[in-house]
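Asks: Take this structure, written in structure tokens, and hold onto it; I'll ask about it next.
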Amino acid sequence: MATAPPLEFLPPRLDGRVLAVGRVVLPLWLRWRCRIDTVEVEGMASLVEAMRSFQAGESRLLLAFRHPSLDDPLSMARLLWVELARAGRQQGLRFDPAPTGQFLFDRGIPLWAGAPMGWLFTHLGGASIQRSKLDLPALRTARRLLLDGPHPFALAPEGATNGHNEVLGPLEPGTAQLAFWTAADLADAGRHERMDLLPIGLQYSYIDPVWGAIEDLLCRLETAAGLSPDPSHALAPTRLLERLVLLGERMLEQMEAFYRDKVHLCLPDGEAALMVAAATPFGHRLQQLMDLALRRVEQSFGIHPSGSLTDRCRRLEQAGWDRLYPAQPDAAAPLSPLAQGLADRLAEETAAQLWHMRVVESFVAVSGSYVRERPSQERFADTLLLLWDTQCRIQGHPANRRPRLGRLRARISIDTPIVVDERMADYRSDRRLAVQTLTEELALRLQRLIVPSALG
């Protein structure tokens, strides 16, 4: 693998023609590719009023949406392009321009989904951001669009999907910070618009029972892990839970053995390993293994471990990108063939090291309690799909074509706006505390929008 040119910032290039095609294709794509047949919206009156206020010049609008699935951008597009426009017409409102949103997207998406996806996102109004560093072009663009853009701006405060419909991931402070910056920019410019932060919940459930598809996927994962599927009483949730626990344990045992015997990490061996497995909860063992795997990569990259496992994955991803796509000084002379060869070997080693991080990224969201607490088909599906992601990473298969277990219903819940201007005195007094408090309020609002899945 050879080094590549630096990762450039991808600016928004909103194109009305691409947007028009997107509005036509979206319903078909949702049904065909995502298998989302139904979209239910609660709290639409709040979004209609927020958009009316925005287009009337009374406010600026930041949409903060939950991000449990890779389908979320399409669900948000359906909300703005179809549902909001329809609700406005029903109330005698004609939105001009037609509702849409501009947004930030992870710079890594065009790397694993292909350059055409980057082209599409930018021409729909998106700008790329490298999440693990101070990406000034991205932040300046977001700040400019929030202040003066013709459309609301949308962000996922969780920063990435966590694969759980009913668990809110930790929120990053950037959403709150951008909201405060915009409120401050408005005040500094002598403008009188409000700065509204609107929480939006996204959640998916199956329209029909999918226990058969869940059992089929479980059998595939068991077989790949070296287990013999036992379909007796297969569709009873209690039996499926037993098999799911065994699958998780088997995958964890094999990964522990790999990292202990082949990678030579400090993990218990022989009888000690059996004693640890018997006495230590699954979640704790998983966290320990993931920590050690990341420490191995961090040592190779010269990075000090700090923060959550997710934070550490982000830093490692950025460090890997800095090696694979190194910035070149403007006056840099071409590398000699020998120097280029060394750089290419470093790129190969970096790509191999990042594999460990990707496995952690897939497996770290697996919980020993998520299904046990509420054994619904949605929670079973969430967990099995995360295990499928992990097995794909380990086996070297593409992880961006997940199985679709059944027809889905998207539930979109819209809260009332948080008026950021009311918190500006606190922000001027203690910026860090104000950002933290607003982030906590946003997390509380998004958590309240989660509805427990049905049992049975």
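Asks: Within region 41-54, restricting attention to residues that are out of contact with any strand residue (DSSP E or B) (no Cβ under 6 Å at 6 or more places or on another chain) and over 30 Å from Arg404 (Cα atoms), which residue is surrounded by the fewest Cβ atoms within 10 Å (Cβ to Cβ)?
Replies: Applying the filter and picking the extreme gives Ala45.
Asks: Yes or no: Asp430 over 30 Å from Arg33 (Cα atoms) and without any contact (Cβ under 8 Å) to a residue 60 or more places away in the chain?
Replies: yes
Conditions tested, residue by residue: (1) modelled with pLDDT under 95; (2) over 30 Å from Asp382 (Cβ atoms); (3) buried (at least 18 other Cβ atoms within 10 Å of the Cβ).
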| site | (1), (2), (3) |
| --- | --- |
| Glu422 | no, yes, no |
| Arg431 | no, yes, no |
| Gln436 | no, no, no |
| Arg448 | no, no, no |
| Val451 | no, no, no |
| Leu455 | yes, no, no |
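Asks: Can you name the residue in region 113-159 that is of a type in the set (D, E, K, R) and touching a residue at least 60 places away in the same chain (Cβ under 8 Å) and, of all such residues, is surrounded by the most Cβ atoms within 10 Å (Cβ to Cβ)?
Replies: Glu158
Asks: So, in region 401-422, exactly how many residues are under 28 Å from Ala184 (Cβ atoms) and out of contact with any Leu (no Cβ under 6 Å at 6 or more places or on another chain)?
Replies: Going through region 401-422 one residue at a time, the tally reaches 5.
Asks: Taking region 298-348 on its own, how many of its residues are acidic (Asp, Glu) and exposed (fewer than 10 other Cβ atoms within 10 Å of the Cβ)?
Replies: The number of residues fulfilling the criteria is 1.
Asks: Only one of (1) part of a loop (DSSP other than H, G, I, E, B); (2) surrounded by fewer than 21 Cβ atoms within 10 Å (Cβ to Cβ); (3) under 15 Å from the mean Cα position of the chain (by Cα) fails for Gly57. Which number is that?
Replies: All conditions pass for Gly57, except number (3).
Asks: Among the residues of region 152-182, how many are on the phi < 0 side of the Ramachandran plot and assigned to a loop (DSSP other than H, G, I, E, B)?
Replies: Matching residues across region 152-182 total 17.
Asks: So, in region 26-40, how many residues would count as being assigned to a strand (DSSP E or B) and either surrounded by 13 or more Cβ atoms within 10 Å (Cβ to Cβ) or not acidic (Asp, Glu) (or both)?
Replies: Result for region 26-40: 4.
Asks: Looking only at region 365-398, which residues are free of Cβ contacts under 8 Å to residues at least 40 places away in the same chain, under 23 Å from Pro170 (Cβ atoms) and under 18 Å from the mean Cα position of the chain (by Cα)?
Replies: Result: Arg393, single match.
Asks: Quick check: is even one residue across region 413-422 within 21 Å of the chain's Cα centre (by Cα), in contact (Cβ under 8 Å) with a residue 24 or more places away in the chain, outside any loop (DSSP other than H, G, I, E, B) and in the same structural domain as Ala87 (by TED's automatic domain parsing)?
Replies: yes
Asks: Just one of the numbered conditions (1) at pLDDT below 90; (2) out of contact with any Lys or Arg (no Cβ under 9 Å at 6 or more places or on another chain) is not true of His304; which one?
Replies: His304 satisfies every listed condition except (1).
Asks: Could I ask something else about it? So, restricting to helices (runs of 4 or more DSSP H) that lie completely within region 68-115, which ones have at least 3 residues that are under 24 Å from the mean Cα position of the chain (by Cα)?
Replies: Once the helices (runs of 4 or more DSSP H) in region 68-115 are filtered for at least 3 residues that are under 24 Å from the mean Cα position of the chain (by Cα), what remains is 72-78, 109-113.
The values are calculated or read from the model by the stated rules, or taken from the named source; none is laboratory data. What you see is a predicted model; the values in this text were computed from it and never measured. When we count neighbours, we look across all protein chains shown, and the Cβ atoms used for this are built from the backbone with ideal geometry, even at glycine.
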